[in-house]
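Have a look at the structure below before the remarks.
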Amino acid sequence: MEWLYAALAGYLLGSLPFAYWFGVLQNKNLLLEGSGNVGATNAWRVLGAVPGLMVLVLDVSKGIMAVALGEFLARDPGGGLLAGALAVLGHCYSVWLLGRGGKGIAPSVGVLFAVQPALLAAALGLFGLAFLLTQSRYRGVVLAALAFPLAALLIGGSLPYLWFGFGLAAPVVLRYLGDWNRQPTARPPQSGPRS
């Protein structure tokens with residue numbers, strides 16, 4: 001039962017849609033405005049820098065808290081791995097938003113930092129390499145997430161880390177895969193007097 005509690009706690013904590021709630025406070029629906037994602041980037045874009053930064057901090061924090069709470073409830077470090085992976089799933093597919101949500105990057109940062117900072121460094125390294133190869137942040141995220149389970153196994157040194165890697169990567173891949181062919185938004189040409 002302790003592991004079930006850890007899993008539920010991780011999912012429910014991750015599913016808290018802070019970006020959506022900040023939008024409600026400004027009479028805006030982030031599901032309908034901007035990119036339609038309920039995450040820090042869209043909150044920054046639609047609501048402004050301060051709300052966007054607050055959402056980012058809260059989303060990273062809920063990843064950290066999910067790991068700590070999962071480990072506490074399960075009385076085992078593996079409970080933290082389980083709760084952390086489910087927090088990312090909850091963020092991407094929130095029960096409060098009927099399955100809508102963010103793309104999972106901010107809570108993933110919190111989860112990886114809480115589990116083992118070396119995992120966060122590995123994920124960032126994989127993304128940097130994939131971005132250099134593809135010149136696309138969307139493809140970079142997908143490729144880094146696909147490679148992450150192996151990195152988690154190598155760093156964690158045990159099979160639970162492999163499953164944790166799959167659990168963390170799967171919702172991120174599913175949320176980003178639709179953007180595989182998306183091109184970066186071009187900046188509009190600047191107008192003004194020429195010197």
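Structure values in brief
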{"item": "Sole exception among (1) over 23 Å from A170 (Cβ atoms); (2) open to solvent by 20 Å² or more (accessible area, probe 1.4 Å); (3) not in a loop (DSSP other than H, G, I, E, B) for W3, by number", "result": "(1)"}
{"item": "Residue within region 37-50 that is touching a Ser or Thr at 6+ places or on another chain (Cβ under 6 Å) and either open to solvent by less than 60 Å² (accessible area, probe 1.4 Å) or closer than 22 Å to A145 by Cβ (or both) present", "result": "yes"}
{"item": "Sole residue being of a type in the set (K, R), closer than 19 Å to R175 by Cβ and surrounded by 16 or more Cβ atoms within 10 Å (Cβ to Cβ), chosen from K28, K62", "result": "K62"}
{"item": "Those residues of region 110-128 which are closer than 14 Å to S61 by Cα and open to solvent by less than 30 Å² (accessible area, probe 1.4 Å), in sequence order", "result": "G110, V111, L112"}
{"item": "Spans of helices (runs of 4 or more DSSP H) in region 76-160 with at least 1 residues out of contact with any Pro (no Cβ under 8 Å at 6 or more places or on another chain), β-branched (V, I, T) and touching a residue at least 60 places away in the same chain (Cβ under 8 Å)", "result": "105-115"}
{"item": "Residue under evaluation K103, criteria (1) open to solvent by less than 20 Å² (accessible area, probe 1.4 Å); (2) touching a Phe, Trp or Tyr at 6+ places or on another chain (Cβ under 8 Å); (3) under 28 Å from G36 (Cα atoms), criterion not met", "result": "(1)"}
{"item": "Residue selected from region 65-100 under the condition among the small types (G, A, S) and under 30 Å from S35 (Cα atoms), by the criterion surrounded by the fewest Cβ atoms within 10 Å (Cβ to Cβ)", "result": "G99"}
{"item": "Residue within region 129-146 that is of a type in the set (S, T, Y), open to solvent by 30 Å² or more (accessible area, probe 1.4 Å) and under 27 Å from E33 (Cβ atoms) present", "result": "no"}
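To keep it simple, each residue is scored yes or no on (1) more than 17 Å from G167 (Cα to Cα); (2) of a type outside the set (K, R); (3) part of a helix (DSSP H, G or I).
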| position | (1), (2), (3) |
| --- | --- |
| L16 | yes, yes, no |
| N29 | yes, yes, no |
| E33 | yes, yes, no |
| A43 | yes, yes, yes |
| L56 | yes, yes, yes |
| G63 | no, yes, yes |
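The values are calculated or read from the model by the stated rules, or taken from the named source; none is laboratory data. Keep in mind that this is a model prediction, so the values were computed, not measured. Glycine also receives a Cβ, built like all others from the backbone with ideal geometry; neighbour counts cover every protein chain displayed. Ligands, DNA and RNA are stripped out before the accessible areas are found, and what is left, the full protein with its side chains, is counted by its heavy atoms. Shrake-Rupley method; radii C 1.70, N 1.55, O 1.52, S 1.80 Å.
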